[in-house]
Amino acid sequence: MELAVGLYDVSKHFGPVVAVDHLTLEVRRGEVFGLLGPNGAGKTTTVRMICGLLKPTSGRVVVLGCEMPREALKARRFIGLLPQESDVYESLTGRENLEYFGRLYGLEGEKLARRVEEVLKLVGLEERADDRAGEYSGGMKRRLMVARAIIHDPELVILDEPTMGLDVFAVRRIRRLIRRLAEGGQTVILTTNDLEDAERTCDRIAIIDKGRLLALGTIRELEEKFQEKGLEEVFIRLVEGEQA
């Protein structure tokens, strides 16, 4: 199957701290791929290397056929990133936020207007599109950021802890949105330590801790391999083993 992302023996050091430790994994085109791990496991560092925002200390990162970070400018046209931090422009309306970022990706005129309407509907913000983003709830801001990440219709969508701190209704909306992106043919990488997020949205899962890959596969494959019932039991067994 054609690959969207490949990490091959990738490590990242920050001085004496090893954030990612000889990580090898591949993400297939069109799948929702979950990168799971406890806080500090190396998930965000891995995502930043995939996006070309960090250079690996060693190893190779290939994204949509581009060598990262050497070809990062080329690859970023096809990548949409939702960072952990909410950083919408609160003085602008939701629509204005999306128009601004759409122009950064070269959209303009009728094409920009049409795409803004499409993503507003996709994330369920069309009725609040002309309200200032500063008036949005936390869940609405998160959905606006997802819309911003996909405004240019990227092939690869990376969502870093997309449901962190949200209420149950906002979480459900985000989960449905993730599946809709995949159904539309986009590749989604989801980083989370929320196991229910992974169970409800992901096709395959990688569990990492201390920057190392502990397991990789579908939930069924992981259950069979580790003879545990449910992703939570697999996760606890592996992570507790690392921390023992």
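The values are calculated or read from the model by the stated rules, or taken from the named source; none is laboratory data. Everything numeric here is computed off the predicted structure, so don't read it as measured data. A quick note on method: Cβ atoms are made from the backbone with ideal geometry, for glycine too, and the neighbour counts reach across all protein chains shown.
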### Task
Just one of (1) within 23 Å of A129 (Cβ to Cβ); (2) in contact (Cβ under 8 Å) with a residue 60 or more places away in the chain; (3) assigned by TED's automatic domain parsing to the domain that holds D21 trips up R173, so point out which.
(2)
### Query
Within the range 24-54, how many residues are under 23 Å from A182 (Cβ atoms) and in a strand (DSSP E or B)?
9
### Query
Consider L81 against the criteria (1) in a loop (DSSP other than H, G, I, E, B); (2) in contact with a helix residue (DSSP H, G or I) (Cβ under 9 Å, 6 or more places away or on another chain); (3) within 30 Å of G40 (Cα to Cα): it satisfies all of them except one. Which criterion is unmet?
(1)
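For the range 16-51, which positions are of a type in the set (S, T, N, Q) and out of contact with any Phe, Trp or Tyr (no Cβ under 7 Å at 6 or more places or on another chain)?
Passing the criteria: N39, T44, T45, T46.
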### Query
If you go through the range 11-34, how many residues are in contact with an Asp or Glu (Cβ under 9 Å, 6 or more places away or on another chain) and either surrounded by 18 or more Cβ atoms within 10 Å (Cβ to Cβ) or among the polar types (S, T, N, Q) (or both)?
7
### Task
Examine the range 209-217 for a residue that is in the same structural domain as A72 (by TED's automatic domain parsing), buried (at least 18 other Cβ atoms within 10 Å of the Cβ) and out of contact with any helix residue (DSSP H, G or I) (no Cβ under 9 Å at 6 or more places or on another chain), and state whether such a residue exists.
yes
### Task
Would you check if C51 is over 30 Å from E196 (Cβ atoms) and crowded, with 18+ Cβ neighbours inside 10 Å?
no
## Note on the structure
Reported set for the range 54-78 where residues are over 21 Å from G42 (Cα atoms) and out of contact with any Pro (no Cβ under 6 Å at 6 or more places or on another chain) is L64, G65, C66, R70, E71, L73, K74, A75, R76, R77
### Task
Please go through the range 110-158 and pick out each residue that is in a helix (DSSP H, G or I), under 15 Å from the mean Cα position of the chain (by Cα) and not hydrophobic (A, V, I, L, M, F, W, C).
R142, R143, R148
### Message
Here is a check on your reading of the model: is G165 in contact (Cβ under 8 Å) with a residue 24 or more places away in the chain, assigned by TED's automatic domain parsing to the domain that holds N97, surrounded by fewer than 20 Cβ atoms within 10 Å (Cβ to Cβ) and over 21 Å from R28 (Cα atoms)?
### Response
no
### Query
Looking at (1) farther than 23 Å from N39 by Cβ; (2) in contact (Cβ under 8 Å) with a residue 40 or more places away in the chain, which is the only condition T192 fails?
(1)
### Task
For the range 192-244, name all the residues that are in a strand (DSSP E or B), of a type in the set (V, I, T) and at pLDDT 95 or above.
I205, I207, I208
